[in-house]
Amino acid sequence: MIGKLNHIAIAVPDLISASEIYKNILGASVSDPVPMPDHGVTTVFVELPNTKIELLEPLGDDSPIQNYLLKNPKGGMHHICYEVDDIYASRDKLVKDGATILGSGEPTIGAHDKPVLFLHPKDFCGTLIEIEQK
Ligand code: CO
């Protein structure tokens, strides 16, 4: 069902210094910050030859990554995003197989203007998974 790795997201306490680490020390191509108020994060995209890294900083008072950063104050890997051909068919199969879909269970529009869903880490080896419509 899952296809390409679309991105790995890393939660960070300070987006500017994280961007500088990726740009200046790791030598990667890094975008300008993109605020995403609907998702409670500001995002920077690191473009790699075979995938992307998203650096996420909390935006607003009830950011979904705030608790993660309280537990991981230096930041850390937050989720992995896999592409799927059909997000509704994938969702229906996952629900049938007993997976827990976060939120309302309906796809929302993610960072790349495509429908996404998040799957609870308890069902997937302790990793928060995002699936994105290809
Ligand atoms: Co993501």
Among the residues of segment 36-57, count how many are under 23 Å from Tyr68 (Cα atoms) and away from the ligand (no atom under 15 Å from the Cβ). 1
Restricting attention to segment 1-14, and to residues there that are away from the ligand (no atom under 12 Å from the Cβ), closer than 21 Å to Lys74 by Cβ and touching a residue at least 60 places away in the same chain (Cβ under 8 Å), which single residue is surrounded by the fewest Cβ atoms within 10 Å (Cβ to Cβ)? Pro13
Tell me, which residue of segment 114-134 that is under 22 Å from Ser31 (Cβ atoms) and more than 11 Å from the ligand (Cβ to nearest atom) is surrounded by the most Cβ atoms within 10 Å (Cβ to Cβ)? Gln133
Can you go through Ala99, Ala89, Ala111 and tell me which one is more than 16 Å from the ligand (Cβ to nearest atom), outside any strand (DSSP E or B) and surrounded by 15 or more Cβ atoms within 10 Å (Cβ to Cβ)? Ala99
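All of the numbers you see were taken from the coordinates with simple rules; none came from a lab. Worth saying up front: this structure is predicted, and the values here are computed from it rather than measured. Ideal geometry is used to build each Cβ from the backbone, glycine not excepted, and the neighbour counts take in all protein chains shown.
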